[in-house]
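Below is one structure, written out as structure tokens; comments come after it.
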Amino acid sequence: MNHPCYICGLGSSVPSRVLTNADLEKMVETSDEWITARTGIKERHILDENANGSDLGAEAARAALAEAGLAPEDVTHIFAATCTPDHLSPSTSCIIAGKLGISASSGQMGRVMCMDFNAACTGFVYGLELARATLCLHPEAVILLVSAEALSRRTNFGDRSTCVLFGDAAGAVVLRSSCEKPLWNVADVSCASDGALRDLIQIGGGTASPIEVGSTVGPEWFVTMQGMAVFKHAVRNMAEESQKLLERNGMGFEDVDLFIPHQANLRIIKAVGERLGLGEDKVFANVQNYGNTSAATLPVALADARKAGRLAPGMKVLLTSFGSGMTWGSALLV
Ligand code: UT7
């Protein structure tokens, strides 16, 4: 049996430290003109050395819980979408649980399921599907879906083709099958991938990159990308998946109040919007302020769109994303 999957609270968090295009001009051979024309990005937010993605995730989670009127001890599941976890182990979700004060001493031991998953930039969409499935098994669940990314930790600041693109951020939602004041119901989600395209975007530093104590790491530890190939897949897959999702829900693009695509490049955002016949007033973009924050882009964009007055509870929102894997997917919020 399907249960509703309500978003009951939404929060976001970005580091205060800002890296502008002018700053990057001093680091690599690039220019504000090139970055703005090719990507739309003006600035990105970068973690300080003493903070990690889990700190952003915990802050976004606290804001989402506060809006939902819940305390950390009410949470039954934490799903963390990240391709830049603090560690290979323990999981970022367990670290966030610890930072929220959910521990054996708070009486939660054995009650909270914590799990990381990596669908790269599509993490938030995949996470909404995980939440829907979990609520079918456990309708009483209180799920924290946290997208927490620290891309700056895997950005090669000597590579101009990638270092201008990424930033750090986190976003979180509380999902439940019943809720007094829901923001939206996650009506439907569609997820896809193609592992044949796994080489198009990579972040190293896993066990396939052997390292010995005391040795230094090479460029393979950082983001590498075949930009133009990714661009083409992104536009095609986000458009097709969104179309499919609306069709199977008996809707057309004219029924959508706001379209929020993955925030990687303003040209990609505009190209998808045009392909779907959506006017600029219906397409949300905030990539200018953050760069690409991978799984965090969609919940941060939801929070920003609401702050900007472009989104209110119950409006019909179409989310779509793509990323390393390649993965892609769309979600319909009503
Ligand atoms: O979440 C998924 C993440 N990935 C993406 O969404 C990326 C999708 N792809 C893109 O956004 C674009 O392909 C990029 C922004 C990465 C690159 O834009 P492009 O229009 O595809 O440029 P290009 O890679 O074809 O490079 C054009 C030129 C090259 O010079 P030559 O070979 O024509 O002389 C590059 O060396 O621009 C040069 N270039 C730069 N110049 C100044 C590349 N990066 C820079 C830079 N500043 N930062």
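Let me test this: with uniform point scatterers at the alpha carbons of the range 260-325, what is the Debye-based log₁₀ I(q)/I(0) at q = 0.22 1/Å?
At q = 0.22 Å⁻¹ the computed log10 ratios are -0.95.
So how far, in whole Å, is the C-alpha centre of the range 79-128 from the one of the range 1-70?
Using only Cα atoms to place each centre, the spacing works out to 18 Å.
Any chance you could list P(r) for the range 189-280, counting all Cα-Cα pairs in 5 angstrom bins from zero, rounded to whole %?
2, 10, 19, 18, 14, 10, 9, 6, 5, 3, 2, 1
Using the per-residue mean of other Cβ atoms lying within 10 Å as a proxy for protection, in what order, highest first, do the peptides 286-294, 119-127 fall?
119-127, 286-294
Out of the range 142-216, which GluC sites (Glu not before Pro) are coil in DSSP terms and have no more than 16 other C-beta atoms within 10 Å?
When the GluC sites (Glu not before Pro) of the range 142-216 are filtered for loop state and at most 16 Cβ neighbours within 10 Å, Glu180, Glu212 remain.
Could you rank the peptides 295-302, 224-231, 71-78 by their average count of other C-beta atoms within 10 Å per residue, with the highest value first?
295-302, 71-78, 224-231
For the range 244-334, give the share of DSSP beta bridges that are antiparallel, in percent and rounded to the nearest 5; count only bridges with both residues there.
Bridges in the range 244-334 that DSSP calls antiparallel: roughly 60 percent.
What per residue convex hull volume, in Å³, comes out for the range 69-148 when only alpha-carbon positions are used?
95
In what sequence, highest mean first, do 47-59, 130-142 appear when ranked by Cβ atoms within 10 angstrom?
The most tightly packed comes first, giving 47-59, 130-142.
Hey, if you drop one equal point scatterer on each alpha-carbon of the range 211-334 and run the Debye formula without solvent, what base-10 log of I(q)/I(0) do you get at q = 0.15 Å⁻¹?
Here the Debye-derived log intensity ratios amount to -0.67.
Would you please give the FRET efficiency between Trp34 and Asp281, computed as 1/(1 + (r/R0)^6) with r the Cβ-Cβ distance and R0 = 25 Å, to the nearest 0.05?
0.35
Roughly what % of DSSP beta bridges within the chain run antiparallel, to the nearest 5?
70
Excluding Leu183 itself, calculate the net charge of residues whose Cβ lies under 12 Å from the Cβ of Leu183, where each Lys or Arg counts +1 and each Asp or Glu counts -1.
Computed value for this residue: +1.
Kirkwood Rh over Cα pairs of the range 9-102 into Stokes-Einstein at 10 °C, 1.306 mPa s: D in µm²/s?
My calculation gives 103 µm²/s for D.
Quick one: the Cα spread of the chain along its three principal axes, in angstroms, biggest first?
53, 51, 37
Given Cα positions, please report Rg to Rh for the range 207-250, the hydrodynamic radius being the Kirkwood one.
In the range 207-250, Rg relative to Rh is 1.35.
For the chain, what is the calculated [θ] at 222 nm in deg cm²/dmol (nearest 500), taking -39500 (n - 2.57) for each run of four or more DSSP H residues and dividing by its residue count?
-9000 deg cm²/dmol
In the range 1-129, what percentage of the DSSP-assigned beta bridges are antiparallel, given to the nearest 5?
Here the antiparallel bridges make up roughly 40 percent for the range 1-129.
Express in nm, to one decimal, how much length is gained between Asn185 and Ser16 on full extension, taking 0.36 nm for each residue of separation and deducting their alpha carbon distance.
Difference between extended and current length: 57.7 nm.
So if I average 1/r over every pair of distinct C-alpha atoms in the range 132-227 and take the inverse, what Kirkwood radius in Å does that give?
Here the Kirkwood hydrodynamic radius works out to 17.2 Å.
Sort Trp184, Trp221 so the one with the fewest other Cβ atoms within 10 Å of its own Cβ comes first.
Fewest to most other Cβ atoms nearby, the residues stand as Trp221, Trp184.
Which of Ser209, Ser103, Ser12, Ser190 has the fewest other C-beta atoms within 10 Å, and how do the rest follow up to the most?
Going from sparsest to densest Cβ surroundings: Ser209, Ser103, Ser190, Ser12.
Using only Cα positions of the range 57-207, each an equal point scatterer, no hydration layer, compute I(q)/I(0) via Debye at q = 0.11, 0.12, 0.16 Å⁻¹ and quote the log10 values to two decimals.
These q points yield log10 I(q)/I(0) values of -0.46, -0.54, -0.91.
Return the distance in nm (one decimal) between the two label points of a simple spin-label model at Gln226 and Gln202, each offset 7 Å from Cα along Cα→Cβ.
Going from the Gln226 label point to the Gln202 one covers 1.2 nm.
Could you give P(r) for the range 58-106, binned at 5 Å from zero, as whole percent values over all Cα-Cα pairs?
That works out to 5, 20, 31, 24, 14, 6, 1, in percent per bin.
Over the chain, what is the relative contact order in whole percent, taking alpha-carbon pairs under 8 Å and six or more residues apart?
Normalised by residue count, the contact order of the chain is 26 percent.
Where a number appears in this text, it was derived from the coordinates with a stated rule and is not lab data. Predicted model only: the values in this text are computed from it and were never measured. No Cβ is skipped: glycine too gets one built from the backbone with ideal geometry, and neighbour counts run over all protein chains shown.
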